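The values are calculated or read from the model by the stated rules, or taken from the named source; none is laboratory data. Keep in mind that this is a model prediction, so the values were computed, not measured. So basically every Cβ, Gly included, is an ideal-geometry build from the backbone, and we count neighbours across all protein chains shown.
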Amino acid sequence: MDSNQTTPHILEDFKINVKIKLSALWATVMFCYVYGDIFSLFVPGRIKDLMHGQMGIGPTTPSNLLVFSIVLAIPALMVFLSLTLKPKINRLLNIIMGLVYTIIMILTVLASIAPWWIFYIFLGVLEIIITLTIIWHAWKWPRS
């Protein structure tokens with residue numbers, strides 16, 4: 001008798017390496033950042049403000065664009081670094097960057113409280129949960 005006929009069909013599962021989990025979490029938070037920025041273009045008056053050189057924090061300047069580029073480049077780099085760095089520095093960097101981005105998103109959510117920005121608050125809360133999950137996985141990094 002075939003063993004498949006006598007045993008229940010159990011779906012195979014396997015343990016996912018912490019580096020892959022961290023990398024996937026950083027990729028997920030990046031998607032939320034991108035979607036939030038794209039959706040913000042649909043808020044009435046937003047494109048007009050952008051065309052007149054106004055960002056969410058004030059005038060659009062080369063320095064502000066550089067700062068925002070750096071702020072968004074770090075999570076993108078963390079997707080790669082989480083897979084490639086040695087465990088000790090990887091763990092520390094994920095805890096620090098997870099904490100930094102949790103704080104950034106808490107401040108962003110608090111500054112976005114307005115009816116047209118409810119989507120941004122939702123994504124911000126989701127990003128906070130994801131970055132806290134990054135910190136938790138890095139903190140609980142398995143020991144050998």
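Only one of the numbered conditions (1) in a helix (DSSP H, G or I); (2) in contact with a helix residue (DSSP H, G or I) (Cβ under 7 Å, 6 or more places away or on another chain) is not met by Val43, and that is (1). Within the range 53-72, residues that are in a helix (DSSP H, G or I) have Cβ atoms under 9 Å from residues that are surrounded by 13 or more Cβ atoms within 10 Å (Cβ to Cβ) and of a type outside the set (Val, Ile, Thr) in these pairs: Asn64/Met55; Leu65/Met55; Phe68/Met55; Val71/Tyr101; Leu72/Met30; Leu72/Tyr33; Leu72/Asp37, counting only partners at least 6 apart in sequence or on another chain.
Checking the conditions here, which among Leu41, Leu92 is loosely packed, with under 14 Cβ neighbours inside 10 Å, farther than 18 Å from Glu127 by Cβ, aliphatic (A, V, I, L, M) and within 18 Å of the chain's Cα centre (by Cα)? After applying the criteria, what remains is Leu92.
Here Leu81 meets the list (1) hydrophobic (A, V, I, L, M, F, W, C); (2) surrounded by 13 or more Cβ atoms within 10 Å (Cβ to Cβ); (3) at pLDDT below 95 almost entirely, failing just condition (3).
Here is the figure for the range 109-133: residues that are in contact with a helix residue (DSSP H, G or I) (Cβ under 6 Å, 6 or more places away or on another chain), free of Cβ contacts under 8 Å to residues at least 24 places away in the same chain and surrounded by fewer than 18 Cβ atoms within 10 Å (Cβ to Cβ) total 1. For the range 20-36, the criterion of being more than 29 Å from His137 (Cα to Cα), free of Cβ contacts under 8 Å to residues at least 12 places away in the same chain, surrounded by 10 or more Cβ atoms within 10 Å (Cβ to Cβ) and not acidic (Asp, Glu) is satisfied by no residue at all.
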